[in-house]
Amino acid sequence: MSNATPSAPFAGVADEQRLRSILYRGAASAFLFALPIIVFLLIWETTVRLGWINATILPSPSNIARRAWVLLDPADPAKSILLTHIVVSLWRALSSFALACVLAIPMGLFLGLNRTAYLIASPLLSLLLPLPAVAWAPIFLVIFGQGDITIIAVCFLGAFFPILYSTIQGVRAIGRHSLWVVRSMGASRFDIFRRVLLPGALPALISGLKLGMAHSWRTLVAAEMLAALTHGLGFMIFAARSYMDVSTMFVGIVCLALIGLLIERGVFGSLEALTIHRWHGNGKVGSHR
Amino acid sequence: MSVETAKILPLRDGAGTKPKIVAKNVQKYFGNVLAMEDISCTINEREFVAIIGPSGCGKSTFLYLIAGFEKASQGELLINNELVVGPGPDRGVVFQEFVLFPWLTVLRNATLGLDIKGVPRQEAEERARKWLRLTGLSGFENAYPSSLSGGMKQRVAIARALSYDPEVLLLDEPFGALDVQTKNYMIQDLQNLWVEANRTIVMITHSVSEAVQLADRVLILSSRPSRIIADVAIKLPHPRDLRDPQVRRYEDEVTALLSAEVDKAMKRERQTFAGRS
C-alpha cells in the first residue's frame, strides 16, 4: 500500500520481538522458580526408593502423585473425592474471607478516621490481633456444634483482624495535607473518600487482604480437623490418620500448599501489579520497558 | 512601618488596587501558646505577596488561615469581603512537600480539581494541559509521580493548583524542599508563569532572594508571637534578575530588617534560657 507508513512493518517486528522476549523471560523465571523444587523432589524420591527412609511414614513423591490421581478420579470429575474436598475447603475459606472484608474494611475506615473511636478500640485490637483464631474453635463448637458455621466463624476471625488493622493503618497514614489539597478543591465527603482515602489506603489494604486470606487459609485446616463432619482438605488429612493413609495426608498437604500459592501469586499478585507496582514502578519517564 | 501607612504599589500589569484578602487583628493560639499576636494586612487583587520571617514564626499558619484549614482565635479574615469559614475552590494551595497523589498520572493529578467540580473530561484535560505546558511538563502527562524528580513534582503541584482556576494561589514554601540548583532554576523558569497566571498570589518563604525576585510586596513577620514588622514594596518590573543591582538593593534592605528581628529573637531566647538556669 502506498499509504502505509514505512515504519509500520518494523513496529510489527518490534512487537513480536518484545512479545517473544516477555514469553522467554516468563519461562525462564518459572523454570528458576521450579528448579529447586524439582531437585528437592528428586532427592526425596531417591532416598525413599533406596530404602533410607521408611515409605510408610514418608511415601515417595511418585507414590503421593499416584494417590492424588486416584483421589482426583479425572475420568468422572463430578464424583471426584479430592475435587469435592478442595471445593468445600475453598468455599469455606472464601466465604469467611468475604465476610471479613465486608465487615473489617468499613470498620477500619471508620476507626482510621475517627480519633476517639480509634483510641477506644486500639487497646482491644492490640489484645485480639496476636490471638490465634483457632483458640476460639472450642467456644464456637460449644455454641454451634460441628459443621460449616463453626469453621467459617473461626476462619472469619483469622481474616478479620489483619484486614481491620491494615485498613486502619492505611487510612491513618494518609497525611492531612493530602486531605487539605482536595478540600481546597471543594471536594465533598464522598469525593474525599473516593479520591483520597480509598486509593491512599489501598497499598496497606492489599497487604491486609493478603495477610487475611493467608490467615483464613491456615486457620481453615485446624478448624476442619476439629469441626468438619464430612468434607474439606483438613478433614481429609485428619480422617486419613485412622487408616494410617500417609499418602492421602500428603496429597492434602500438597493441595493446601499449591492452592495457597495460587491465591497469593495469582489473585493478590495481579491486584498488586494493577495498582501499587504501576504507581511505584521502577520505570523511569520515557522508557516503556 | 505600620500596615495602615504602607502604600500598595501595583507593578505587574493588571495588578489592581481592589482589596482581595484582608486580615484584621488576626490572633492565633495553639492551646495556651500565642502563635500570632496581631496580624493586620491587606493583599490586593492580582498582587504577588511574599511573607517572610524567622523560622517557627507562624508564617505557614497564616497561610493555612487564609486557606481555611485553620481557624483564627481572634480577629477576622476576609476574602472578597466575605469571612473565611473553610477551604474552598477559590483558593489553590501548593505545599512544600508537593502532596501529589501517587495513584494518579501527572495529567489526572492536574485535572483533579476540575474532576471534582464535575467539568467534562475533555475540557478538564484541555485546561490542565495548558498549565502543564506552562510549567514545562509537556510530554510527561502519562507518567506517575513516583518517576519524577522533586522539581518536576512541584511543577505538577503548581499546575494542579492553577488548573481549576482559583482566584487566589497560596504557596507554602514552594521551593523549600528542592536542592539549590533546582530551586534557582525553577524560580527563574517560572517567572513568566506568575505573570501569565495573573492571580492574587501569597507565598510563604524563608528565602529573601526568592521573595525579592518574585513578589510585588514582601511582608516581614516578627518571631513568635508574630506581628508584621515591615511591608516592603518591590518596585521593579518582571522578570527580575538577581544580579541586577536594584534587586540586590531590595535584597539587602529586606535582609537587614529580617536579621535585626532574628537577632532580637535570639537574644530574647538566650535571656529566657539564662533566666531559667
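The values are calculated or read from the model by the stated rules, or taken from the named source; none is laboratory data. As the structure is a computational prediction, the values presented were derived from the model and not from experiment. For neighbour counting, all protein chains shown are included, and Cβ atoms are generated from backbone atoms with ideal geometry for every residue, glycine included.
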Next item on the list: Provide a single number: the residues in the stretch B:98-131 that are part of a helix (DSSP H, G or I) and closer than 18 Å to B:Thr182 by Cβ.
Entry: 1
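Got a number for residues in the stretch B:87-103 being within 8 Å of chain A (Cβ to nearest Cβ), over 17 Å from B:Val202 (Cβ atoms) and not acidic (Asp, Glu)?
4
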Note to self: Condition first: within 12 Å of another protein chain (Cβ to nearest Cβ), touching a residue at least 12 places away in the same chain (Cβ under 8 Å) and among the polar types (S, T, N, Q). Can you find one or more residues in the stretch B:106-123 that meet it?
What the structure shows: yes
Next item on the list: Within the stretch A:34-56, track down each residue that is in contact with a Pro (Cβ under 9 Å, 6 or more places away or on another chain) and of a type in the set (A, V, I, L, M).
Entry: A:Leu41, A:Leu42, A:Val48
Note to self: I'd like to check something: does the stretch B:172-181 contain any residue that is assigned to a helix (DSSP H, G or I) and surrounded by fewer than 19 Cβ atoms within 10 Å (Cβ to Cβ)?
What the structure shows: yes
Next item on the list: Give me the pairs, please: first residue somewhere in the stretch A:248-275 and assigned by TED's automatic domain parsing to the domain that holds A:Arg92, second residue anywhere and surrounded by 14 or more Cβ atoms within 10 Å (Cβ to Cβ) and among the charged types (D, E, K, R), beta-carbon distance under 8 Å, and either six or more positions apart or on two chains.
Entry: A:Thr248/A:Arg67; A:Phe250/A:Arg67; A:Val251/A:Arg67; A:Glu264/A:Lys210; A:Phe268/A:Lys210
Next item on the list: Could you grab me the full set of residues in the stretch B:227-249 that are touching a helix residue (DSSP H, G or I) at 6+ places or on another chain (Cβ under 9 Å) and within 21 Å of B:Thr200 (Cβ to Cβ)?
Entry: B:Ala230, B:Val232, B:Ile234, B:Lys235, B:Leu236, B:His238, B:Pro239, B:Arg240
Note to self: If I filter the stretch A:158-178 down to residues being surrounded by fewer than 24 Cβ atoms within 10 Å (Cβ to Cβ) and either polar (S, T, N, Q) or at the interface with chain B (Cβ under 9 Å from one of its Cβ atoms) (or both), which single residue comes out as nearest to A:Ala104 (Cα to Cα)?
What the structure shows: A:Gln169
Notebook entry, point to check: Restricted to the stretch B:182-237, and to residues that are among the small types (Gly, Ala, Ser) and part of a strand (DSSP E or B), which residue is modelled with the lowest pLDDT?
Noted result: B:Ser226
Margin query: Being of a type outside the set (S, T, N, Q), more than 10 Å from every other protein chain (Cβ to nearest Cβ) and within 19 Å of the chain's Cα centre (by Cα) is the filter here; which residues of the stretch B:135-167 pass it?
Written below: B:Gly150, B:Gly151, B:Lys153, B:Arg155, B:Val156, B:Ile158, B:Ala159, B:Leu162, B:Asp165, B:Glu167
Margin query: Restricting to the stretch B:11-59, and then to whatever is surrounded by fewer than 22 Cβ atoms within 10 Å (Cβ to Cβ), among the acidic types (Asp, Glu) and outside any strand (DSSP E or B), can you tell me which residue is modelled with the highest pLDDT?
Written below: B:Glu45
